[in-house]
Amino acid sequence: MSEGISLEELQLAARNHGMPLEALRFPVTPVGLHYLLIHYDVPIVDAGEWKLSVHGERKLSLGLDDLRARPALELTATMECAGNGRARLEPHVISQPWLLEAVGTGRWKGAPLRPLLEEAGVSDGGAEVLFTGLDRGIEGGEEQRFQRSLPLEEALGDEVLLAYELNGASLPPQHGFPLRLLVPGWYGMTNVKWLDRIEILERPFEGYQQAQSYRLRQNEDEAGEPLQRMLPRSLLVPPGIPEFLTRERTVPVGECRLEGRAWSGFAPVERVEVSADGGASWAEAELDPPEGRWAWRGWRFRWDAQPGEHILCSRARDEAGNEQPLEPAWNLGGYANNAVQTVRVTVS
Ligand SMILES: Nc1nc2c(c(=O)[nH]1)N[C@H]1C(S)=C(S)[C@@H](COP(=O)(O)O)O[C@H]1N2
Ligand SMILES: [Mo]
């Protein structure tokens with residue numbers, strides 16, 4: 001475990017909880033078990049007064065009922081915070097100290113974004129679409145609202161949603177009530193919550209969450225590459241029972257059915273492998289049928305658990321050839337650490 005996690009980081013971690021890994025057993029994460037990341041405070045919104053404004057060649061203004069009256073799309077999507085895995089990086093990166101649990105899968109329902117952008121009018125000069133949330137705070141010394149942009153061609157994708165439902169009910173306050181953006185396959189920060197304003201821009205957005213945060217870089221002087229799609233990752237449900245403090249596992253001798261889920265924002269998961277010796281040797285897991293392009297894919301593996309100490313791992317590869325590394329690659333923000341998970345198990 002990483003040393004030197006401060007009280008300030010604990011304060012963040014206590015607000016922004018992860019998904020307990022045993023909840024990987026649910027194909028769709030129950031709402032209260034989905035991870036949470038809230039940079040500032042949860043805005044409390046009066047749905048009757050709330051309106052979304054869309055600024056293109058024209059200005060549109062829509063209430064929640066207007067959005068619900070439009071053709072809807074519902075899809076199952078796995079969402080992961082770009083900082084998942086950060087706490088395992090060395091040197092230590094100070095921010096929300098995620099281990100591996102910053103992930104969840106939801107059934108998101110909403111109005112597709114593209115027809116709304118077309119109604120607002122996309123000019124020939126349109127380059128990006130900016131999404132602004134109602135939440136305000138100070139970050140990097142700058143007062144701001146949470147704002148992120150998307151390249152126009154991505155924003156016009158058929159499966160980009162303005163979501164007002166999660167798992168068959170209204171969005172809960174912590175997940176963006178009354179409306180959030182959902183861009184399947186992209187890291188969490190893309191999915192702006194508590195949406196208030198959408199604007200077509202002719203130039204790239206240079207705000208804090210775009211130009212300072214969420215870039216892969218080694219130092220402050222580098223512009224770096226923006227984070228976009230989720231790298232492949234597989235997680236396994238820790239088997240057996242945990243020790244209260246260390247969470248190390250104890251498993252009985254004999255056949256142990258390992259299971260987990262894997263995802264990638266780049267391409268469908270093609271293969272998951274399991275190791276019981278810390279990654280020295282690997283065997284292929286059996287994949288469940290896919291549950292849609294954007295949902296994680298279940299896998300299972302029969303492990304013959306022999307007495308002693310073992311280190312269980314799993315790793316995913318996607319159809320684009322991306323595979324999880326054994327060791328993390330460090331970067332300034334501690335993003336996209338998709339190094340394989342290790343679970344210490346005592347078989348007795
Ligand atoms: N308005 C707003 N949108 C936001 C955030 C935020 O703090 N404010 N956090 C982002 C980040 S970093 C992540 S990982 C996801 C988390 O979504 P969830 O809390 O619904 O799991 O929301 C994103 N959208
Ligand atoms: Mo995030």
Next on the checklist: Looking at segment 92-115, can you tell me whether even one residue there is among the small types (Gly, Ala, Ser) and farther than 20 Å from THR190 by Cα?
Outcome noted: no
Checklist entry - Does ASP65 qualify as being in a loop (DSSP other than H, G, I, E, B), modelled with pLDDT of 95 or more and either assigned by TED's automatic domain parsing to the domain that holds GLY157 or within 15 Å of ligand 1 (Cβ to nearest atom) (or both)? => result no
Next on the checklist: Of everything in segment 21-44, what is open to solvent by less than 50 Å² (accessible area, probe 1.4 Å) and either in contact with a Phe, Trp or Tyr (Cβ under 6 Å, 6 or more places away or on another chain) or within 30 Å of GLU90 (Cα to Cα) (or both)? Give them in sequence order.
Outcome noted: LEU21, ALA23, LEU24, HIS34, TYR35, LEU36, LEU37, ILE38, TYR40, PRO43
Checklist entry - If you go through segment 225-232 one residue at a time, do you hit one that is of a type outside the set (Val, Ile, Thr), within 16 Å of ligand 2 (Cβ to nearest atom) and assigned to a strand (DSSP E or B)? => result yes
Item to check | segment 254-272, subset over 14 Å from PRO232 (Cα atoms) and among the acidic types (Asp, Glu), residue surrounded by the fewest Cβ atoms within 10 Å (Cβ to Cβ) | outcome: GLU255
Checklist entry - Of all residues in segment 215-233, which are in contact with a Gly (Cβ under 6 Å, 6 or more places away or on another chain) and open to solvent by less than 50 Å² (accessible area, probe 1.4 Å)? => result ARG215, ARG217, MET230
Next on the checklist: Looking at PHE146 and the list (1) surrounded by fewer than 18 Cβ atoms within 10 Å (Cβ to Cβ); (2) closer than 30 Å to GLY333 by Cβ, which single condition is not satisfied?
Outcome noted: (1)
Next on the checklist: I'm trying to understand the selection: among the residues of segment 149-183, which are assigned to a loop (DSSP other than H, G, I, E, B), open to solvent by 10 Å² or more (accessible area, probe 1.4 Å) and within 30 Å of ILE94 (Cα to Cα)?
Outcome noted: PRO172, PHE177
Checklist outcome for this item: Picking from GLY133, GLY141, GLY137, the residue that is surrounded by fewer than 15 Cβ atoms within 10 Å (Cβ to Cβ) and within 13 Å of ligand 1 (Cβ to nearest atom) would be GLY137
Checklist entry - Filter segment 1-20 for residues that are out of contact with any strand residue (DSSP E or B) (no Cβ under 6 Å at 6 or more places or on another chain) and within 23 Å of LEU258 (Cα to Cα); which is surrounded by the fewest Cβ atoms within 10 Å (Cβ to Cβ)? => result PRO20
Item to check | Criterion (among the basic types (Lys, Arg), at pLDDT 95 or above and surrounded by 15 or more Cβ atoms within 10 Å (Cβ to Cβ)) met by exactly one of ARG58, ARG107, ARG88 | outcome: ARG107
Checklist outcome for this item: For PRO115, the lone unmet condition from (1) touching an Asp or Glu at 6+ places or on another chain (Cβ under 9 Å); (2) more than 13 Å from ligand 1 (Cβ to nearest atom); (3) open to solvent by 10 Å² or more (accessible area, probe 1.4 Å) is (1)
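The values are calculated or read from the model by the stated rules, or taken from the named source; none is laboratory data. Note that the coordinates shown come from a computational prediction; the quantities given were computed from them, not determined experimentally. Glycine gets a Cβ as well: all are built from the backbone with ideal geometry, and neighbour counts include every protein chain shown. Side chains included, ligands, DNA and RNA excluded: accessible areas come from the protein's heavy atoms. Shrake-Rupley method; radii C 1.70, N 1.55, O 1.52, S 1.80 Å.
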